[in-house]
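Working notes, structure below.
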Amino acid sequence: MVSSPITEGLIYDKKLSSVGPAYATDPDLVHEPGNLDLAMKLHYLRGIYYFERQAFEGLRILAIKEPMFDWLNKYPVTSGRFRRAESGRAYIKCNDCGVRFLEAKCDKTLEEWFQIRDASLEKLLVSNQIIGPELGFSPLVLIQLTKFKCGGTSMGLSWAHVLGDAFSAAEFLNMLGRLVAGQDLGPPFGLAQSLTKSVISNDLPKVVEDPIAVKRVEPVGDNWLTPTKFKLEPFYFDVTPTQLAHLQSKVGPKFGPFEAISAITWKCIAKIRGQEMGPNVVTICKKSEKENKVYGMLGNTQVVSVVKADFPIVDAEPSVLAKLMREEAFDIRDKINEAMERENGVVDYVVYGANLTFVNLEDAKFYDFEYRGQKPVRVSYRVDGVGDEGAVLVLPGPNEGEGRAVVAILPEEEIGGLEAELKKEGLIA
Amino acid sequence: MAPLLTKRTYQFVVNNFLKLIFIPIALAVSSKADYIIQFYNSMHLTPLHLLCTTFLILYTLTVFLVSRPRPVYLVDYALFKPPRSYRASFAGFIEHARMGRLFSEPKSVHFQMKILERSGLGEETCLPPALHYIPPTPTMALAREEAELVIFSAMDSLFTKTGVKPRDIDILILNCSLFSPTPSLTASVINKYKMRSNIKSFNLSGMGCSAGLISIDLASDLLQKHPNSNAIVISTEILTPNSYLGKERAMLLPNCLFRMGGAAVLLSNRRSDRRRAKYRLSHVVRTHRGADDKSYGCVSQEEDDEGNVGIKLNIDLMAVAGEALKSNITAIGPLVLPASEQLLFAISLIMRKFFNSRSKPYIPDFKEAFEHFCIHAGGRAVIDELQKSLQLTNEQVEASRMALHRFGNTSSSSLWYELSYIESKGRMRKGDRVWQIAFGSGFKCNSAVWRCNRTIKLPVEGPWADCIDKYPVHVPDVVKL
């Protein structure tokens with residue numbers, strides 16, 4: 001990564017090590033990601049949790065690492081590494097290899113950082129690593145602890161989406177907070193002893209179309225990086241409660257913040273893209289209503305649905321778009337499951353960015369991560385590996401989550417235009 | 001059945017020879033009792049004669065009693081238990097090697113993988129924090145920290161177990177082969193625990209994995225000189241400064257095998273410790289093969305072509321170890337073997353030397369001399385080799401194999417982890433004899449023989465407490481990574 005004059009020297013004293021389960025996992029245990037998990041394998045969640053001084057005050061790095069061993073003991077899957085079965089389907093060998101741990105220092109205080117903070121700087125606080133080129137040596141989770149000059153700390157979580165959705169990732173990290181507070185996490189999640197999904201299907205693959213929610217990309221092999229035409233960059237903006245109220249007045253009181261923000265952003269994106277109809281297919285992801293079978297278990301259980309508009313988006317009323325998103329979205333997960341099954345799990349799909357994607361992370365419990373009684377002052381997330389159509393994530397806002405934090409991941413050239421449009425709509429001051 | 005009966009009869013007769021011939025002699029004497037009484041009366045001894053004779057007998061007895069070696073008791077010992085957060089899994093170890101200095105040397109990484117697979121180590125061995133970094137950060141400060149963590153926690157545990165106060169310690173001996181800072185580690189112990197100013201302290205460095213028994217030997221000698229004293233012996237190896245950062249194969253081996261560990265042992269010659277001591281030292285036998293060039297050069301610390309310092313292990317290490325073991329056995333045999341075995345060995349030797357008999361040399365059955373064996377867990381190969389040459393059963397080498405599996409090669413402290421294993425399994429009974437054998441650079445083979453002073457009751461507090469029920473585990477010949 002080329003560092004500009006501003007970023008050079010900003011983050012220094014980097015150290016690399018690993019943390020892993022406290023107890024040895026029995027040998028030869030595996031975890032097989034399901035079809036929906038494998039569909040997400042080219043995506044990565046990058047989250048940054050900012051803490052003020054008191055959270056990590058007086059703690060040496062060894063004291064911070066120690067509880068992580070008991071924490072990771074509960075999730076042996078996160079310390080494993082990918083392998084390929086004979087059929088080519090990827091599975092995780094739970095060999096206790098570990099989670100990568102980076103330490104770094106920043107010569108700015110938290111306050112100074114928040115003033116200069118932008119998308120490219122935030123990339124310095126969390127690892128940008130992907131899985132590959134060697135599957136067996138690529139960690140699935142990377143944690144970066146950066147200490148600021150004032151004593152504040154940021155914890156960067158780099159999470160392979162194949163392990164689970166953002167709701168899972170949030171719960172995973174929240175467990176660490178609970179452990180540090182003294183709670184007993186209970187026994188580790190169970191693992192399988194043999195591969196059951198990696199059976200080579202003898203049926204000839206039926207030549208059927210891929211479901212509309214996914215895009216098939218050229219085979220990436222063992223280098224799990226989404227090939228895109230454009231360079232996608234994240235663009236962050238906060239929506240204050242006042243702005244939210246203003247939005248909802250535009251859209252109508254029936255719709256929640258997510259729908260309001262998404263509808264207006266959809267319209268803005270349509271305007272800058274200047275296409276005739278579109279983008280008239282969008283994917284919507286949100287938390288599943290069903291509770292996880294086992295509390296805290298990881299997995300891609302979020303609802304993935306698709307909405308198709310048969311009218312030009314540019315001219316549509318935001319309320320109409322919001323209504324469409326709420327009422328016409330149909331759950332497409334079964335189709336994705338089938339498609340992956342047909343391909344024996346070997347095909348490379350992209351979900352976020354196959355169509356313009358809106359991800360509702362309002363219910364993600366990011367701010368429940370408490371370290372020694374301190375909640376993060378700010379949580380920032382983005383997704384890497386998004387496809388060319390782009391994605392918009394709506395996260396809970398800081399300060400008791402009344403506002404919203406929005407991340408738009410779009411082709412670089414579109415960001416300027418989007419910013420202008422959003423200003424017009426009043427989403428940005 | 002018949003050969004076993006013969007063997008057992010032969011052993012009984014030879015080992016209890018003196019007791020057996022005592023009976024006929026006693027009978028003979030008592031039958032001649034009248035004659036003896038007559039002879040005594042004919043001597044017409046005066047009271048003065050009797051008094052002088054009594055004094056002579058008492059004097060001789062006193063000189064004899066006083067000049068006997070003082071018994072050396074092992075009151076108790078404590079072992080360092082590494083925190084779970086220092087754990088080094090195989091996969092993690094290999095990945096770190098791959099990501100670090102050996103990034104451009106996949107062959108070296110592959111070699112290390114092969115070593116780990118066959119090493120006999122388990123997945124719960126521990127490395128110090130400096131060696132968990134990619135690449136390792138072996139600074140002096142971190143080395144001292146490791147030393148303080150290992151030594152002080154073992155010492156704290158020892159003081160708690162024995163109730164001894166630091167100011168009561170008369171002798172302090174510490175051995176740590178590869179880390180010897182100034183002020184010495186012994187000095188840092190004395191500083192931390194505020195020990196007396198007239199304490200006799202010794203810091204042994206450079207003496208390899210067998211230095212633990214050298215320290216015991218030194219302590220034992222000092223306890224002969226100083227009556228009513230106690231001694232603490234600390235055996236450890238500090239790994240932080242010694243990770244090899246190059247790619248030469250013969251030097252990568254120690255990286256794969258050496259792990260964190262440390263032991264603190266309290267020895268005493270005080271009569272008050274006679275009852276509560278766990279063991280009594282019977283013998284220490286040291287053999288040094290340094291005069292032989294091949295032995296001298298088989299383990300050496302040197303720089304590789306790129307200037308990285310590491311410990312080079314020669315290919316003929318096993319052969320040299322075998323020779324050293326033979327020397328040591330020859331020296332220790334007469335001290336510990338029962339008369340029956342010594343007689344057989346002597347006969348076999350005479351037959352081969354003077355009568356040119358082609359028969360195989362008789363290998364004394366050391367199982368007759370000891371109940372328990374602690375073979376330094378230098379690596380699986382060492383334990384296999386010793387099991388073969390001494391014809392030991394699997395149970396007898398179990399302590400060594402399991403200590404290697406759970407803690408890795410902890411150098412001079414491994415003998416104590418093994419002893420703790422035997423105790424934790426409830427196998428240590430009063431009167432049991434233990435043989436500790438350690439090999440080290442030089443090339444040295446040192447042995448110590450202990451006799452158990454009191455049956456060790458369960459549960460045993462120590463590093464095995466939380467996992468002893470899982471053991472013994474089956475260690476596969478090759479672990480597939």
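At a glance:
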quantity: Single match in A:E122, A:E134, A:E66 (criterion: open to solvent by 10 Å² or more (accessible area, probe 1.4 Å) and either more than 10 Å from every other protein chain (Cβ to nearest Cβ) or within 23 Å of the chain's Cα centre (by Cα) (or both)); calculated: A:E134
quantity: Failed condition for A:M325, given (1) closer than 17 Å to A:K215 by Cβ; (2) buried (at least 18 other Cβ atoms within 10 Å of the Cβ); (3) of a type outside the set (K, R); (4) at pLDDT 90 or above; calculated: (1)
quantity: Failed condition for A:I11, given (1) facing another protein chain (nearest Cβ under 9 Å); (2) among the aliphatic types (A, V, I, L, M); (3) in contact (Cβ under 8 Å) with a residue 24 or more places away in the chain; (4) open to solvent by less than 50 Å² (accessible area, probe 1.4 Å); calculated: (1)
quantity: Failed item, numbered, when A:L38 is tested on (1) assigned to a helix (DSSP H, G or I); (2) within 10 Å of chain B (Cβ to nearest Cβ); (3) open to solvent by less than 20 Å² (accessible area, probe 1.4 Å); calculated: (2)
quantity: Any pair with Cβ under 7 angstrom, 6 or more apart, that starts in the stretch A:151-174 at a residue that is on the phi > 0 side of the Ramachandran plot and in contact (Cβ under 8 Å) with a residue 12 or more places away in the chain and ends at one that is open to solvent by 10 Å² or more (accessible area, probe 1.4 Å) and assigned to a helix (DSSP H, G or I); calculated: A:G151/A:R53
quantity: Unique match (being modelled with pLDDT of 95 or more and among the charged types (D, E, K, R)) among B:D221, B:D273; calculated: B:D221
quantity: Any hit, the stretch A:332-352, residues being within 20 Å of the chain's Cα centre (by Cα) and closer than 16 Å to A:V394 by Cβ; calculated: yes
quantity: Test: B:V397 is farther than 27 Å from B:P83 by Cβ and not in a helix (DSSP H, G or I); calculated: no
quantity: Checklist (1) at pLDDT 95 or above; (2) open to solvent by less than 40 Å² (accessible area, probe 1.4 Å); (3) within 24 Å of B:D217 (Cβ to Cβ) applied to B:M402, failing item; calculated: (3)
quantity: Residue check for A:R117: modelled with pLDDT of 95 or more and of a type in the set (K, R); calculated: no
quantity: Only listed residue being free of Cβ contacts under 8 Å to residues at least 40 places away in the same chain, out of contact with any Phe, Trp or Tyr (no Cβ under 6 Å at 6 or more places or on another chain) and crowded, with 19+ Cβ neighbours inside 10 Å, chosen from B:L253, B:L257, B:L222, B:L204; calculated: B:L204
quantity: Residue satisfying condition, being in contact (Cβ under 8 Å) with a residue 12 or more places away in the chain, of a type in the set (S, T, Y) and at negative phi, within set B:S89, B:S104, B:S67, B:S85; calculated: B:S89
quantity: Checking B:S414 against (1) in a helix (DSSP H, G or I); (2) open to solvent by 10 Å² or more (accessible area, probe 1.4 Å); (3) within 23 Å of B:F179 (Cα to Cα), the condition it does not meet; calculated: (2)
quantity: Residues within the stretch B:225-240 that are outside any loop (DSSP other than H, G, I, E, B) and surrounded by 21 or more Cβ atoms within 10 Å (Cβ to Cβ), tallied; calculated: 8
quantity: Test: residue in the stretch B:444-457 that is touching a strand residue (DSSP E or B) at 6+ places or on another chain (Cβ under 8 Å), within 14 Å of another protein chain (Cβ to nearest Cβ) and either assigned to a loop (DSSP other than H, G, I, E, B) or over 27 Å from B:T162 (Cα atoms) (or both); calculated: no
quantity: Count - residues of the stretch B:421-435 that are open to solvent by less than 20 Å² (accessible area, probe 1.4 Å) and in contact with a helix residue (DSSP H, G or I) (Cβ under 8 Å, 6 or more places away or on another chain); calculated: 6
quantity: The lone exception for A:E86 - which of (1) more than 14 Å from chain B (Cβ to nearest Cβ); (2) open to solvent by less than 20 Å² (accessible area, probe 1.4 Å); (3) at negative phi it fails; calculated: (2)
quantity: The stretch A:160-217, subset touching a strand residue (DSSP E or B) at 6+ places or on another chain (Cβ under 9 Å) and of a type in the set (K, R), residue modelled with the lowest pLDDT; calculated: A:K197
quantity: Some residue of the stretch B:275-289 being assigned to a helix (DSSP H, G or I) and open to solvent by 40 Å² or more (accessible area, probe 1.4 Å); calculated: no
quantity: Per-region count, the stretch A:245-264, residues in contact with a helix residue (DSSP H, G or I) (Cβ under 7 Å, 6 or more places away or on another chain) and surrounded by 19 or more Cβ atoms within 10 Å (Cβ to Cβ); calculated: 10
quantity: Tally, over the stretch B:448-481, of residues that are within 30 Å of B:Y296 (Cα to Cα) and either over 18 Å from the mean Cα position of the chain (by Cα) or surrounded by fewer than 23 Cβ atoms within 10 Å (Cβ to Cβ) (or both); calculated: 1
quantity: Flag if A:L16 is without any contact (Cβ under 8 Å) to a residue 24 or more places away in the chain, within 14 Å of chain B (Cβ to nearest Cβ), open to solvent by 30 Å² or more (accessible area, probe 1.4 Å) and outside any helix (DSSP H, G or I); calculated: no
quantity: Scan of the stretch B:19-46 for residues that are in contact with a helix residue (DSSP H, G or I) (Cβ under 9 Å, 6 or more places away or on another chain) and either over 30 Å from B:E341 (Cβ atoms) or surrounded by fewer than 10 Cβ atoms within 10 Å (Cβ to Cβ) (or both), ordered by number; calculated: B:V29, B:I36, B:M43, B:L45
quantity: Any hit, the stretch B:293-315, residues being in contact with a Cys (Cβ under 6 Å, 6 or more places away or on another chain) and part of a loop (DSSP other than H, G, I, E, B); calculated: yes
quantity: Filter pass, B:L178 being away from every other protein chain (no Cβ under 14 Å), touching a residue at least 24 places away in the same chain (Cβ under 8 Å) and part of a strand (DSSP E or B); calculated: no
quantity: Residue match in the stretch B:83-98 (condition: within 25 Å of the chain's Cα centre (by Cα) and either more than 27 Å from B:S414 (Cα to Cα) or surrounded by 20 or more Cβ atoms within 10 Å (Cβ to Cβ) (or both)); calculated: no
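Listed here are the residues, each with its yes/no results for (1) of a type in the set (S, T, N, Q); (2) touching a Phe, Trp or Tyr at 6+ places or on another chain (Cβ under 6 Å); (3) more than 11 Å from chain B (Cβ to nearest Cβ); (4) surrounded by 20 or more Cβ atoms within 10 Å (Cβ to Cβ).
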residue: A:L29; (1), (2), (3), (4): no, no, yes, no
residue: A:L45; (1), (2), (3), (4): no, yes, yes, yes
residue: A:Y50; (1), (2), (3), (4): no, no, yes, yes
residue: A:A55; (1), (2), (3), (4): no, yes, yes, yes
residue: A:G58; (1), (2), (3), (4): no, no, yes, no
residue: A:L62; (1), (2), (3), (4): no, no, no, no
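The values are calculated or read from the model by the stated rules, or taken from the named source; none is laboratory data. Predicted model only: the values in this text are computed from it and were never measured. Don't worry about glycine lacking a Cβ; one is built from the backbone with ideal geometry, like all the others, and counts go over all protein chains shown. Accessible surface is based on the protein model in full, side chains and every heavy atom, while ligands, DNA and RNA are left aside. Shrake-Rupley method; radii C 1.70, N 1.55, O 1.52, S 1.80 Å.
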